[in-house]
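> Encoded as structure tokens, here's the structure I'll be asking about.
The values are calculated or read from the model by the stated rules, or taken from the named source; none is laboratory data. These numbers come from a predicted model, not from an experiment. A quick note on method: Cβ atoms are made from the backbone with ideal geometry, for glycine too, and the neighbour counts reach across all protein chains shown. Quick note on the areas: whole protein, heavy atoms, side chains included, nothing else; ligands and nucleic acids left out. Shrake-Rupley method; radii C 1.70, N 1.55, O 1.52, S 1.80 Å.
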Amino acid sequence: MNHDAYDDGYIAGILDAVRTIAVVGASANDVRPSYFVMKYLIGKGYEVFPVNPGHAGKAILGRTTYASLADIPVAIDMVDVFRASAAVPAIVEDVLKLEPLPKVIWMQLTVRHDEAAARAEAAGIKVVMNRCPKIEYARLAGEIGWTGVNSGVLSSKRPVMRQGFQSFGIRAK
């Protein structure tokens, strides 16, 4: 797969299909990107599980924080990685030990590791690198246009309300 450019349908399909998201590298600091991405995803109706060994057992945004992916008591659909690129191979190894396997590994802005991505894809897991699910959701749902940003998505279709705060859902092409 070409990880330099993603089709809108690929991203929309992922965001529409996943329900449970583990955020590896979650922070309790409300000015950190992982914090406001978690807050946004929770507001859109996703079930979010923070993963941070330093905060294990404590709450972030009212969610129990887990020390590792293996500690999460439910099946995870997507693993959102808020760690440096060098940490990705070990995270992918942890993901590949989960049963059932998550559907997606999503690496945040500036996070990319092609070898680890190839390993995950060989196991049947979709991979997104150097993208933010909050930004992509807002762009595809038309919300990012509310602030005057050109989303590159035009539609005369009336938005379909979904669960969550001001959630218009994703428009797949």
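> Are any residues in segment 9-30 hydrophobic (A, V, I, L, M, F, W, C) and more than 19 Å from V111 (Cβ to Cβ), and if so, which ones? Even if it seems obvious, please write down each step before you answer.
Taking segment 9-30 as the starting set, the residues that turn out to be hydrophobic (A, V, I, L, M, F, W, C) are 11-12, 14-15, 17-18, 21-24, 26, 28.
Matches in segment 9-30: A12, A17, A28.
> Another question, then. Just to be sure I understand the filter: pairs with C-beta atoms under 9 Å, separated by 6 or more residues or on different chains, first member in segment 67-84 and farther than 19 Å from E121 by Cα and open to solvent by 30 Å² or more (accessible area, probe 1.4 Å), second member of a type in the set (S, T, N, Q) and assigned to a loop (DSSP other than H, G, I, E, B). Which pairs pass?
A67/N52; F82/S27; F82/Q108; R83/Q108; A84/T110
> Here is a further query. Any idea how many residues of segment 38-62 are outside any loop (DSSP other than H, G, I, E, B) and either more than 21 Å from A17 (Cβ to Cβ) or open to solvent by less than 60 Å² (accessible area, probe 1.4 Å) (or both)?
Of the residues in that region, 15 qualify.
> Which of the numbered conditions does A120 fail, given that it passes all the others? Conditions: (1) open to solvent by 70 Å² or more (accessible area, probe 1.4 Å); (2) in a helix (DSSP H, G or I).
Condition (1) is where A120 drops out.
> Restricting attention to segment 18-77, which residues are within 25 Å of E93 (Cα to Cα) and at pLDDT below 95?
none
> Within segment 100-110, work out how many residues are among the β-branched types (V, I, T), crowded, with 22+ Cβ neighbours inside 10 Å and part of a loop (DSSP other than H, G, I, E, B).
Going through segment 100-110 one residue at a time, the tally reaches 0.
> Something else about it: Return the residues of segment 99-124 that are over 17 Å from the mean Cα position of the chain (by Cα) and not small (G, A, S); say none if nothing qualifies.
E99, P100, D114, E115, R119 - these are the residues of segment 99-124 that are over 17 Å from the mean Cα position of the chain (by Cα) and not small (G, A, S).
> Pairs please, first residue from segment 34-51 and closer than 12 Å to V24 by Cβ, second anywhere and open to solvent by less than 10 Å² (accessible area, probe 1.4 Å) and assigned to a helix (DSSP H, G or I), Cβ atoms under 6 Å, 6+ apart in sequence or on different chains.
Pairs that qualify, where the first residue is closer than 12 Å to V24 by Cβ and the partner is open to solvent by less than 10 Å² (accessible area, probe 1.4 Å) and assigned to a helix (DSSP H, G or I), are V48/M38; V48/L41.
> Has segment 147-157 got at least one residue that is part of a helix (DSSP H, G or I) and at pLDDT below 60?
yes
> Oh, and also: Does M1 satisfy the criteria of being in a helix (DSSP H, G or I) and out of contact with any Phe, Trp or Tyr (no Cβ under 7 Å at 6 or more places or on another chain)? Reasoning before the result, please.
Numbers: in a helix (DSSP H, G or I): no; out of contact with any Phe, Trp or Tyr (no Cβ under 7 Å at 6 or more places or on another chain): yes.
No.
> Starting from segment 90-112, take each residue that is free of Cβ contacts under 8 Å to residues at least 40 places away in the same chain and list its partners that are open to solvent by 60 Å² or more (accessible area, probe 1.4 Å) and hydroxyl-bearing (S, T, Y), counting only C-beta distances under 7 angstrom and pairs at least six apart or across chains.
none
> Of the numbered conditions (1) open to solvent by 30 Å² or more (accessible area, probe 1.4 Å); (2) within 11 Å of the chain's Cα centre (by Cα); (3) not polar (S, T, N, Q), Y35 satisfies every one except a single condition; which is it?
For Y35, the failing item is (2).
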